[in-house]
Amino acid sequence: MDAFKGAMMAWIIRLVAVLFGLFGLAILLLFGPGALDARYFNPAPPDPALEALFADPVEPVLTEEGLHGAEDLEPGPDGRLYTGLADGRIMARASEGGWEEVAHTGGRPLGLAFSPDGALHVADALRGLIRLDEGGWTVIDEPGEFPALVFTDDLTILEDGTIILTDASGRYGYGEYMESFWEGEQTARILAYTPDGTRRVLADDLAFANGVAHDPDSGDVFINETWARQVHVLDPVTGNLRILIDGLPGYPDNIHWDPEENLLWIAMPSRHSELMEFFHPRPLLKRLMRRFADVFGEPELPARPVMGLAVNRLGEPVRVLYGPTREGELGATTVVPWQGQIWTGGLDRPTVDAFPVPPRLDETAEE
């Protein structure tokens, strides 16, 4: 009997030791060195009606090579189309064709915008907010550690010269956007720079604020939250936000206001990830998933076709651009109407492509 009790006690001790070991391992995996700092994040699901709009892909009518990393496209006041490339070059294209280098930032240009006096301003991920003057580049605001600029991403310039800039993350810089996505962090800011040199925060605690544009007629500023898959209208005076469109089927990147049609074009370089969005509101499970991904590799990314959606001031879809998926490439991070076509480029695409202008949805419905 004593031998049985002794054996039972030894078994219990071993079981407790195993349980404590498993508990310690779980704690180490969840919270130990290198663990993902997963945040609770629960974006709205994709709107099925919006998803259904992206059904029939079309091919570009023009593909121009040698333009790797044309993350943003911007029509200039001189009638040319501008973009910044991965190697730091600023390129311009005349309407009749042919790209030429007009400047080099020495960094990684992302968003481009022109001020009322015609000066080119660039949101450069490595150099910060910069302006091209006759003598070269002037640095308006340098990057650094928060509260300095961390991920200088995009900008728009109002008619009074005020610059509205997106700082996409307060934790992660250029090249680290997947870490931001995994974490579900919401540290992005919208900053305003007035002509007198004042800088102030208009909005913060955003889920990777990426693109920004404005409507000169109404004065509205538009910004997106990439990980939340939504676009907001921002009051540039008060900083108040209201949702323009939610439940996008992909992750919005650059946005562009078309003053001719009064439409906001939203580029989405990737469809939404059902897997990641399942884990976002379950941070402990997301921590474990990240550990498995570190060992076995990243989960398969969603499809990345060319996706562009044009909406009116009410957030109603008006035009839809849906292009092909290219193996190994991101989709389009910029979708811009220019010279009677829709032009696209991408952060990790080797070309700039032009597509025919898609039909208006209201005209299609009437037919």
Residue-averaged 222 nm ellipticity for the chain, from DSSP H runs of 4+ at -39500 (n - 2.57), nearest 500: -5500 deg cm²/dmol
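Once the Cβ-Cβ distance between T138 and R326 is put in as r, and R0 is 35 Å, what FRET efficiency do you end up with, to the nearest 0.05?
Numbers: r = 37 Å, r/R0 = 1.06.
The pair T138/R326 has a calculated efficiency of 0.40.
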Separation in nanometres of the label points that stand 7 Å from Cα toward Cβ, at T238 and R131: 3.0 nm
Cα→Cβ-extended label distance, 7 Å offset, between A148 and F292, nm: 4.0 nm
For segment 70-121 versus segment 236-313, the gap between their alpha-carbon centres in whole angstrom: 25 Å
Which labelled figure in [x] 28, 45, 15, 7, 4, 2, 0; [y] 23, 48, 22, 5, 1; [z] 29, 53, 12, 5, 1 is P(r) over Cα pairs in 20 Å bins from 0, in percent, once derived from the coordinates: [z]
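Could you tell me the relative contact order of segment 274-356? Use alpha-carbon pairs under 8 Å, at least six residues apart, and round to a whole percent.
On the way: 97 pairs, mean separation 13.8, N = 83.
Relative contact order of segment 274-356: 17 percent.
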Pairwise label distance in nanometres, V102 with R199, each label 7 Å out on the Cα-Cβ vector: 2.6 nm
Degrees between helix 2-31 axis and first principal axis of the chain (Cα, 0 to 90, nearest 10): 10 degrees
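Over the chain, what is the relative contact order in whole percent, taking alpha-carbon pairs under 8 Å and six or more residues apart?
17 percent
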Simple Cβ-charge dipole of segment 73-214, Lys/Arg +1 and Asp/Glu -1, about Cα centre, in debye nearest 20: 60 debye
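Each value in this text was obtained by applying a stated rule to the coordinates, not by laboratory testing. What you see is a predicted model, and the numbers here were worked out from it, not measured in a lab. Cβ atoms come from the backbone with ideal geometry, glycine included; neighbour counts cover every protein chain shown.
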